[in-house]
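Worksheet for the structure shown next.
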Amino acid sequence: MFGGTLAVLGPAAKKKALNGAIYTENLPVKVADGDIKAEIVAQIAAKSSIAPRDVAQSLSGEGEDWRKYLPRIRKQATDLHSEGMVAFVRKKKIVSPDGLKGVYRLAKPQEED
């Protein structure tokens, strides 16, 4: 839509573009979805729970804005949740990712007895 760059936009249009889906849809894909899933699983194996920002920071390059990875991390975490590999945690309770808003963490799914 914007030719892959926000540099040609005026300040008002740039702000609007950065606040919506336009920002996330026009990002260059440097990290494959499989790599995101692998990083989520690896970090959860090492800790009891992780913040999505931990994954984003490990995937981003030096000086790169890690926040741009958050929508893709959430999507891949949701896929892992549907496969039973990840649990979404909010306020120390396991919740469904459907309609989840606000701060959340990712954790190992609880074992059923």
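Just so you know, all these numbers are worked out from the coordinates, no wet-lab data involved. Fair warning: this is a prediction, and the values are worked out from it, not measured in the lab. Here the Cβ is made from the backbone with ideal geometry for all residues, glycine too, and neighbour counts use every protein chain on show.
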Per-residue Cβ neighbour rank within 10 angstrom, fewest leading, Glu83, Glu62:
Glu62, Glu83
Mind listing which trypsin sites (Lys or Arg not before Pro) in region 71-113 are in a DSSP loop and have 15 or fewer other Cβ atoms within 10 Å?
Lys91, Lys92, Lys101
In nm, to one decimal, how far is the modelled label at Asp79 from the one at Asp98, with both set 7 Å along Cα→Cβ?
2.0 nm
For region 46-60, Karplus-derived ³J(HN,Hα) couplings (6.51, -1.76, 1.60; θ = phi - 60°; whole Hz; x for glycine and proline) come out as 8, 10, 6, 8, 9, 8, x, 5, 4, 5, 4, 5, 6, 8, 7
